[in-house]
Amino acid sequence: MAYLISVVNQKGGVGKTTTAVNLASCLALKGRFVLLVDLDPQSNATSGLGIGHRGLERGLYEAIIGQVPVRDITVGTAIEGLKVAPSTAALAGAAVELVDVERREYRLAEALADVRNSYDYIIIDCPPSLGLLTVNGLVAADRLLIPVQAEYYALEGLSQLLRTIDLVRSGLRPELDVMGAVLTMFDSRNRLSNDVLNELNRFFPNRIFKAVIPRNIRLAEAPSFGQPIVQYDPWSKGAKAYEQLTQEILEMEQNI
């Protein structure tokens, strides 16, 4: 049965989608069967793997509202073993349409239940908000991975995110666990980046990944070519950092 990891941070521009795409890609390159779920109406994870979301007739929205099963919307990628449950523009309306639906917080979890036996890992790229779609991403997950940008404003939002996680635990998903935080857009030459890393240890004692994702131009370029960094430039610092993060996660799961 697949292990579900939601990549979450309500602040945009922190490397959340980059982390979801490259973690999913690295896991697949290591021989795992992986489904990347694009829960963000912006569809960046979908386009970041070379899938033209504007041309899709259906996507995750139709699966969440129960029109079609998830297996019927999945799309293959250039990486063997990696499939995507794509987002389309229609997903933006799901939060409004689900407000009066019974068990609205569980719609994604219920939709994914039918495919859990088909994959080793399901990676969920949550939207940059704390709305109903993100709550669905939290409820569906076994564990959470939180990318945090190396700047102080990014730290300010963590308290709100952690409160939301506690609310989900207390009322919807008691088993939900924070896997840890990964520092993104890190510049070792910048004292601020190192200060943020120290502060991050206060929020997540003993739960900071050793892998640190650097501020890297190749990482920024890769999505425009529809490729993860491990395909676009496998020898870059960004690719090596995500390979290290993936290895840490694999080792962590083996020890559970």
Legend entry - Considering only the range 3-254, percent of DSSP beta bridges that pair antiparallel, nearest 5: 5 percent
Legend entry - C-alpha center-to-center spacing [the range 134-169, the range 16-38] in angstrom: 19 Å
Inset, instruction - Among 153, 250, 79, pick out the residue whose Cα is farthest towards the positive end of the charge dipole of the chain, where Lys and Arg carry +1 and Asp and Glu carry -1 on C-beta, about the Cα centre. - result: 153
Inset, instruction - Please state the charge dipole magnitude for the range 126-256, taken about the Cα centre, from unit charges on C-beta atoms (+1 on K and R, -1 on D and E), reported in debye and rounded to the nearest 20. - result: 200 debye
Inset, instruction - Considering the options 21, 4, 124, tell which one lies farthest towards the positive end of the dipole of the chain, charges being +1 on Lys and Arg and -1 on Asp and Glu at the Cβ, about the Cα centre. - result: 21
Legend entry - Gaussian network model of the chain, Cα within-10 Å springs - most flexible of 174, 228, 147: 174
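May I ask for the percentage of alpha-carbon pairs in the range 143-256 that lie more than 16 Å from each other? Intermediate results must be reported in sequence, preceding the final value.
Working: 4120 of 6441 pairs.
Taking all Cα-Cα pairs of the range 143-256, the fraction more than 16 Å apart is 64 percent.
So how do 134, 46 line up by other beta-carbon neighbours within 10 Å, fewest first?
Working: 134 24, 46 28.
Ranked by crowding around the Cβ, least crowded first: 134, 46.
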Inset, instruction - Quote the FRET efficiency, to the nearest 0.05, computed for residue 189 versus residue 54 with a Förster distance R0 of 41 Å and r equal to the Cβ-Cβ distance. - result: 0.55
Inset, instruction - Would you tally the net charge around residue 192, using a Cβ to Cβ cut-off of less than 11 Å, leaving residue 192 out, and scoring K and R as +1, D and E as -1? - result: -2
Inset, instruction - Hey, can you grab everything whose amide H is under 5 Å from the amide H of residue 178? Only 5+ residues off in sequence or another chain; H modelled, so Pro and N-termini drop out. - result: 144
Legend entry - For residue 36, distant residues with modelled amide H under 5 Å away: 83, 84, 85, 123
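Tell me which trypsin sites (Lys or Arg not before Pro) from the range 1-103 have a DSSP coil assignment and no more than 12 other beta carbons within 10 Å of their own. Could the numbers behind the result be given before it?
Working: sites: 11, 16, 30, 32, 54, 58, 71, 83, 103; in loops: 11, 30, 32, 58, 103.
Of the trypsin sites (Lys or Arg not before Pro), the ones in loops of the range 1-103 whose Cβ has at most 12 other Cβ atoms within 10 Å are 103.
Give the calculated FRET efficiency between residue 71 and residue 197 to the nearest 0.05, with a Förster radius of 45 Å applied to their Cβ-Cβ distance.
According to the calculation, E is roughly 0.65.
Loop only by DSSP, 14 or fewer other Cβ within 10 Å of the Cβ. Give me the trypsin sites (Lys or Arg not before Pro) in the range 128-193 that pass, ordered by residue number. Each step should come with its number before you reach the end.
On the way: sites: 143, 163, 169, 189, 191; in loops: 189.
Passing sites in the range 128-193 are 189.
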Inset, instruction - Please find, in a Gaussian network model of the chain (springs between Cα atoms separated by less than 10 Å), the residue of 187, 100, 72 whose mean-square fluctuation is greatest. - result: 100
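What number, rounded to the nearest 500 deg cm²/dmol, is the helix-based mean residue ellipticity at 222 nm of the chain, given -39500 (n - 2.57) per DSSP H run of at least four residues and division by all its residues? Working shown, then result.
Working: 12 runs with 101 residues, N = 256.
Helix-only estimate at 222 nm: -11000 deg cm²/dmol.
What FRET efficiency would be calculated for the residue pair residue 78, residue 248, taking the C-beta separation as r and a Förster radius of 22 Å, to the nearest 0.05? Don't jump to the answer; show the numbers that get you there.
On the way: r = 25 Å, r/R0 = 1.14.
Computed FRET efficiency for residue 78 and residue 248: 0.30.
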Inset, instruction - Determine the distance separating the Cα centre of the range 205-256 from the Cα centre of the range 98-122; give it in Å without decimals. - result: 27 Å
Legend entry - Dipole in debye (nearest 20) - the chain, about Cα centre, beta carbon charges: Lys, Arg +1; Asp, Glu -1: 500 debye
Inset, instruction - With springs connecting C-alpha atoms under 10 Å apart, model the chain as a Gaussian network and identify which of 23, 162, 112 has the largest mean-square fluctuation. - result: 162
Legend entry - Whole-Hz couplings from phi, Karplus 6.51/-1.76/1.60, listed for the range 21-31; x for Gly and Pro: 5, 6, 5, 4, 5, 5, 4, 5, 5, 8, x
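Since every read-out is calculated from the coordinates, none of them should be taken as a lab result. Bear in mind the structure is a predicted one, so any value in this text is a computation, not a measurement. Note that each Cβ is placed from the backbone with ideal geometry, even for glycine, and that neighbours are counted across all protein chains shown.
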